[in-house]
Each structure stands twice: as structure tokens, then as C-alpha cells.
Ligand code: NAP
Ligand code: ZN
Ligand code: ZN
């Protein structure tokens with residue numbers, strides 16, 4: 001075992017503060033990663049503050065992890081010491097259930113070992129995330145990160161990147177498709193970049209007029225201000241696909257009105273409270289309301305390779321780990337352009 005420095009919370013009301021954790025000894029299939037950077041996802045904030053219920057403390061958040069491999073187990077095949085590597089939301093799964101066999105480990109029927117606020121598959125050992133100096137992970141859940149990408153700006157690909165790439169692929173986004181992205185935050189800005197790279201005609205649907213110029217720079221072709229009801233009339237029936245990344249409760253019915261016949265709206269954001277959906281918002285036009293959860297390990301690698309090929313990384317604000325509590329407050333005030341990334345050198 002090795003000791004790692006970390007930032008943790010002790011309860012839903014406590015701020016993040018310095019903490020020490022033990023990382024397991026490197027097993028035959030494990031790699032040890034010295035964490036260079038870790039992104040701050042809105043899911044970190046939801047879980048730190050127990051907004052989804054069932055949070056486990058002490059909690060070391062962080063599932064947008066990148067760094068360098070410092071040790072490998074005897075049977076590790078795909079990695080060597082010195083390689084760049086990434087870890088996302090999962091560190092293990094049962095590997096045998098139908099979902100795992102389909103490479104959809106995120107839907108493992110035995111329950112995923114999430115990177116934090118969870119346990120290893122023994123259901124006893126707590127998992128601790130990336131707001132820490134190192135991590136030990138099975139190579140089967142470790143991703144290769146191209147040296148072509150800026151490493152700090154690549155960190156958010158491990159959650160925000162795959163979470164938006166996966167539904168865009170699943171719904172077969174292709175040249176000329178009209179895609180609406182709702183909410184220009186960490187997930188939203190990745191959705192814009194990736195959908196544009198896939199050839200879609202992208203419309204940013206945002207409550208923030210001040211983000212319009214940025215949305216266009218990121219690759220959006222159009223902008224719709226969602227605080228203005230006229231936008232919903234103007235864009236009614238337009239979209240093949242809507243990717244909804246809003247973290248707070250909002251009216252899905254309004255956005256369903258923007259779909260064409262048989263279009264799909266994918267929920268990615270996880271507001272703490274449910275929202276009613278009217279049947280008439282779906283039946284007139286046989287519309288589809290669905291959701292998506294990150295992506296499997298293989299698809300995450302495919303996304304990282306796609307981003308390396310297209311030169312796609314996140315727009316980040318790199319901060320010392322000591323500013324993490326302030327970053328959470330700014331994220332809640334919608335004051336992030338467009339992902340905070342913690343510089344773990346400062347830990
Ligand atoms: P974020 O950076 O905070 O972005 C959320 C965006 O939603 C904001 O930038 C804002 O965009 C919009 N928004 C926020 N509050 C709003 C409100 N009250 N009404 C309308 N719009 C509002 O968050 P994120 O890290 O992208 O995460 C977004 C959500 O996705 C979170 O709930 C997170 O837990 C979830 N998530 C899900 C998955 C998954 O696998 N499904 C993975 C990661 C994260 P505008 O200013 O443009 O309106
Ligand atoms: Zn996340
Ligand atoms: Zn499984």
C-alpha cells in the first residue's frame with residue numbers, strides 16, 4: 001500500500017479539505033498513476049453535497065483523471081511506466097454480465113465500482129477519486145491518452161467528453177443532422193465541439209446571452225436564448241437530436257417541442273428533483289425522451305482517439321487544488337468557462 005495526498009469532504013455540509021488515503025499495492029493487472037490533473041464535474045458537487053442521496057463519507061471526488069504511469073503489475077499488457085493514462089467514472093465492473101459483455105460496463109448488472117463514492121467489486125473497500133496525488137487501477141479500466149493533446153485540457157474528456165460522445169454516436173449523428181445542445185457548461189461545450197466535428201449543424205440552447213460568442217467559437221452554428229419564449233416558437237420542430245445537459249430542474253416539455261417528428265431528446269443532466277412530462281409532448285410526433293450515462297471503456301477509448309484525431313480538448317480554467325471550494329461556488333453561479341481542472345502539483 002502507498003499513502004496518497006487527497007482532498008476530501010467529511011459530510012454533505014463540510015468544505016473539501018486536505019486528507020490522506022491509502023492506495024492498494026499494485027496487483028498483477030494494475031497500473032499506478034501519478035495524477036497530474038483532475039477535472040471538476042458537476043456530478044462531484046451533486047455527490048459531495050449528497051443531492052442524489054446515499055453519499056458515503058469521507059469522500060474524495062474526481063473522475064476526470066489524467067497522469068503518468070509510475071508502476072505496472074506483472075501481467076499488464078497495454079501500458080508501461082511513463083505512459084500517459086486516464087481514468088474516468090468507473091474503476092471496475094463484474095465483466096461477465098450481458099451489459100459488460102456488450103462493453104456497456106456503465107450498466108453492469110452487478111453494479112459498477114465507481115471511481116469514488118462507491119466500493120470496489122468486493123463491496124467493502126471504498127473507492128477514492130482523482131482529487132489525489134495517485135491512484136491504482138486495473139488496466140482494463142485505464143485509458144490511453146494521446147501525447148498530441150494538452151494533458152490538462154484532456155482531463156475533462158474522461159467524463160464530459162464520453163458522456164456527450166456516447167449519445168451522439170448512439171443516435172448516429174452525421175453530416176447535416178440538426179443537433180440542439182442545451183446548457184453551455186462542462187458537458188455542453190464538449191457536446192458542441194464533438195457534434196460539430198461529426199458534421200452536425202449545431203444550435204446552442206442557453207439561458208446565458210453572454211455565452212453566445214463563445215458558443216459560436218466552440219463550433220455552434222446557431223444560438224437560441226432559452227430565457228426568451230420566442231426562441232421556442234422560432235425553433236419549434238427543428239431538431240433531429242437534443243442533448244440536454246442542464247444540472248437543475250427545468251421543463252423538458254418545452255424542449256420536446258423543438259424536436260422534429262420522431263426526433264430524440266437525451267437527458268444527460270441529473271437534477272436532484274424529478275420533472276413532470278406531459279404525454280402530449282411526446283405523442284404528437286412520436287418523439288423520444290431518453291437518457292444516457294457516460295460510456296463503456298472501449299467507447300471511451302474511441303472518444304479519446306476521435307478527440308486526438310480532431311484536436312478536441314476542453315476549454316479549461318486550471319486552478320490550484322486549494323481553490324476547489326471556491327470553484328464549486330462559481331460552478332453553482334454558472335461562472336465557469338467551461339471546466340475547472342485541478343492542478344495536482346499543488347496538492
Ligand atoms: P455545469 O458545467 O455546471 O453546466 C451546467 C449548465 O446547465 C450551465 O452551464 C447552464 O448553462 C445550465 N444551467 C445551470 N443551471 C440552470 C438552471 N437553473 N436552468 C437552466 N439552465 C441551467 O455542469 P456539467 O458538469 O456540465 O454537468 C451537467 C449535468 O450533467 C449535471 O447534473 C451532472 O451531474 C450531469 N452529468 C451526467 C452525466 C451522465 O453520464 N449522464 C455525466 C456527467 C455529468 P447555460 O448558462 O448555457 O444555460
Ligand atoms: Zn462527471
Ligand atoms: Zn457486469
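Shown for the range 211-347 is the translational diffusion coefficient from the Stokes-Einstein equation, using the Kirkwood radius over Cα pairs, a temperature of 10 °C and a viscosity of 1.306 mPa s: 90 µm²/s.
Averaging Cα coordinates gives a centre for the range 139-180 and one for the range 69-91; these two points are 20 Å apart.
Projected over every direction and averaged, the convex hull enclosing the alpha-carbon atoms of the range 1-134 yields 8.2 nm².
What does the helix-only formula give at 222 nm for the chain: each DSSP H stretch with n ≥ 4 adding -39500 (n - 2.57), the total divided by the residues, and the result rounded to the nearest 500 deg cm²/dmol?
-6000 deg cm²/dmol
Note: relative contact order over the range 266-347, using C-alpha pairs below 8 Å and six or more positions apart, is 26 percent. Each Cα pair under 8 Å and six or more residues apart adds its sequence gap; the mean of these over the residue count of the chain is a relative contact order of 18 percent. Put in order of Cβ neighbour count within 10 Å, fewest first, the listed residues 42, 280 become 280, 42. For the options 101, 47, 238, a Gaussian network treatment of the chain with springs between C-alpha atoms closer than 10 Å singles out 101 as fluctuating the most. Computed packing ranks the peptides 58-64, 164-170 as 58-64, 164-170, most packed first, by mean other Cβ atoms within 10 Å. The Cα atoms of the range 146-281 define a convex hull whose projected area, averaged across directions, is 8.6 nm². For the chain, the equivalent ellipsoid derived from the alpha-carbon gyration tensor has semi-axes of 33, 21, 20 Å in decreasing order. The angle between the Cα long axis of helix 186-197 and the longest principal axis of the Cα atoms of the chain comes to about 70 degrees, rounded to the nearest 10. Using alpha carbons only, how many degrees (0 to 90, rounded to 10) separate the axis of helix 297-310 from the longest principal axis of the chain? The angle comes out near 70 degrees.
Give me the tail of P(r) for the range 234-290 as a percent: Cα-Cα pairs with distance above 15 Å.
42
Wrap a convex hull around the Cα atoms of the range 147-188, take a quarter of its surface area, and give that in square nanometres.
Convex hull of Cα atoms, orientation-averaged projection: 3.8 nm².
Set the Cα radius of gyration of the range 292-347 against 2.2 N^0.38 Å, with N its number of residues, and you get 1.41.
Each part reduced to its alpha carbon centroid, the range 1-47 and the range 294-339 end up 17 Å apart. Fewest neighbouring Cβ atoms within 10 Å first, the residues 214, 251 line up as 251, 214. Relative to the dominant Cα principal axis of the chain, helix 160-170 is inclined by about 50°. Full extension of the chain between residue 80 and residue 5 gives 24.6 nm of extra length, using 0.36 nm per residue less the Cα-Cα distance. Suppose R0 equals 45 Å; then what is the FRET efficiency for residue 323 and residue 280 from their Cβ-Cβ distance, rounded to the nearest 0.05? E between residue 323 and residue 280, to the nearest 0.05, is 0.45.
Only the coordinates and a few stated rules stand behind these numbers; no lab work does. In this text, all values refer to a predicted model and were calculated from it rather than measured experimentally. Note: ideal-geometry Cβ built from the backbone for every residue, glycine included; neighbour counts use all protein chains shown.
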